[in-house]
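Asker: Please read through the structure below; I'll follow up with questions.
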Amino acid sequence: MRYTDIKGKKLSAMSLGTVQLGMNYGIANDGGKPDEAKSFSMLRAALESGITSIDTARVYGDSEEVIGRFFKTWEGELPFITTKVPKIQGESAAEVEKFVVSTVEESLERMGISKVNAVMLHVAGDLTAHGKNAASAMASLVKRGYTDIVGASVYNSAEVEEMLKYDEYTTTQVPMSIFDQRLISSGTVDKLKNKDYTVFVRSVFLQGLFFLDPDTQDDPILVEHAVPRIRLLREIAASEGLTVAELAIAFMRDTAGVTSLVLGADTPDQVRDNVAYFDVPALSGDVMAKLRAEFAEVDIPEIMKVLSRPKK
């Protein structure tokens, strides 16, 4: 496992995503939200396996509360913790700062801690809707000692460009995967690297899409836009002697400018399996080039129409 020092805190190349601890999430997750005992087992498995980073957010159901109750049972060092501010309420600079600060204070109370290590805007639209006011409010969190770094969770290059207008931001979370390379091909990841951003990558498995059986899918959108790609992904992984998960992780892990991959899990064993995947040797330049070429034009917006449907 690779580690990066961020303001004196060790950040692992894998971050445990905890949305599953607070709500039903993921197209391939049939088990639903785990109970507290299972959630604690997953968190313990992560920290005992070398993961030093946990990602959460106010809007992830009761994820923060679950994490907080777990911390009361954990005797080791606290991990690098990232949380996020929900859609900003208020208009004036004072109103925006009050909302941001009070929201983070509530998150800290829920987790039973006095500080996290990164705080991000969860709604990228706040970068434009509140501009400098949002940046100043987020910077005030650092001044108050509530966090070390601030930034925004974004989706596309335009949102990254908006974020880069403000020096207060030095971290971000972005969606990228073998299927979704838009931020790589646009040069956006290189810009973040040149600005020395701490870059978290989510949706590495596209919410579990990579693990669906291509022969049993009947959704017309998936049949057209995802099934052929899943089959090809399986073929390439097999030709390299890797599982799909190993290939997906290695591709993003080896992409320059990426700091940590945010991976969720449904069971403690999945957490440990994900950690083990990070020990896969580096992909060759030829394989990286092939993956970039073969999956350069996946229609992610169409696929997201399915992935964004509410879980039943």
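Asker: Given a 1.4 Å probe and every protein chain left where it sits, what share in percent of the accessible area of segment 165-312 is carbon and sulfur?
Answerer: It is 48 percent, rounded to a whole number.
Asker: DSSP beta bridges in the chain, what fraction antiparallel, as a percent rounded to 5?
Answerer: Antiparallel bridges make up about 15 percent of those DSSP assigns within the chain.
Asker: Roughly what % of DSSP beta bridges within segment 1-114 run antiparallel, to the nearest 5?
Answerer: 45 percent
Asker: Also, I was wondering about something else. For each pair in 132/195; 7/195; 33/195; 7/33; 9/33; 10/195, compute the distance between the two Cα atoms and list the pairs where it is over 27 Å.
Answerer: In this structure, 33/195; 7/33; 9/33 exceed 27 Å between Cα atoms.
Asker: Just to make sure I understand: if all protein chains stay in place, what is the order of 38, 87 by accessible area at 1.4 Å, largest first?
Answerer: My answer, sorted largest first, is 87, 38.
Asker: A further question follows. Decide, for segment 56-209, between rounded, prolate and oblate: order the square roots of the alpha carbon gyration tensor eigenvalues as a ≥ b ≥ c, take rounded if a/c falls under 1.5, and otherwise choose prolate if a/b is larger than b/c, else oblate.
Answerer: Judged from the Cα gyration tensor, segment 56-209 comes out oblate (a/c at least 1.5, b/c at or above a/b).
Asker: Along the three principal axes, how long is the chain when you take its alpha carbons, biggest first, rounded to the nearest angstrom?
Answerer: In descending order, the Cα extents are 54, 42, 38 Å.
Asker: Could you work out what % of the accessible surface of segment 1-127 is carbon and sulfur, using a 1.4 angstrom probe and leaving DNA, RNA and ligands out of the count?
Answerer: That share works out to 48 percent.
Asker: Okay, moving on. If I model segment 176-312 as equal point scatterers sitting on the Cα atoms and use the Debye formula, what is log10 I(q)/I(0) at q = 0.11, 0.15, 0.21 Å⁻¹?
Answerer: -0.40, -0.77, -1.48
Asker: So, one more: For the pairs 98/143; 87/143; 72/98, note any where the Cα-Cα span goes beyond 25 Å.
Answerer: Check vs 25 Å cut-off fails for 72/98.
Asker: May I pose another question? Just the number please: accessible area per residue for the chain, 1.4 Å probe, all protein chains included, in Å².
Answerer: For the chain, the solvent-accessible area averages 43 Å² per residue.
Asker: Taking the radius of gyration and the Kirkwood hydrodynamic radius from Cα positions alone, what is the Rg/Rh ratio for segment 177-223, to two decimal places?
Answerer: 1.15
Asker: How much space per residue, in cubic angstrom, does the convex hull of the C-alpha atoms of segment 1-124 take up?
Answerer: Per residue, the Cα convex hull of segment 1-124 comes to 124 Å³.
Asker: What longest region of the chain stays clear of GluC sites (Glu not before Pro) that DSSP places outside H, G, I, E and B and that have at most 14 other Cβ atoms within 10 Å?
Answerer: Segment 92-296 is the longest.
Asker: List the equivalent ellipsoid semi-axes of segment 119-186 in whole Å, largest first, each obtained as the square root of 5λ for an eigenvalue λ of the Cα gyration tensor.
Answerer: 23, 13, 9
Asker: Mind grabbing the accessible area of residue 182 for me, 1.4 Å probe, Å², rounded to tens?
Answerer: Answer for residue 182: close to 110 Å² accessible.
Asker: Here's something else I'd like to know. For every other residue with a beta carbon closer than 12 angstrom to the beta carbon of residue 56, add +1 if it is Lys or Arg and -1 if Asp or Glu, then tell me the sum.
Answerer: Every neighbour counted, the sum reads -1.
Asker: In addition: So how tilted is helix 36-48 from the main axis of the chain? Cα-based, degrees 0 to 90, rounded to 10.
Answerer: Relative to the chain, helix 36-48 is tipped by roughly 80 degrees.
Asker: Using a 1.4 Å probe on the protein heavy atoms only, what accessible surface does residue 130 show? Give it in Å² to the nearest 10.
Answerer: About 20 Å², ignoring ligands and nucleic acids.
The values are calculated or read from the model by the stated rules, or taken from the named source; none is laboratory data. Keep in mind that what you see is a predicted model, and the values were worked out from it rather than measured. Neighbour counts run over all protein chains shown; Cβ positions are idealised from the backbone, glycine included. The accessibility values were calculated without ligands, DNA or RNA, using every heavy atom of the protein model including side chains. Shrake-Rupley method; radii C 1.70, N 1.55, O 1.52, S 1.80 Å.
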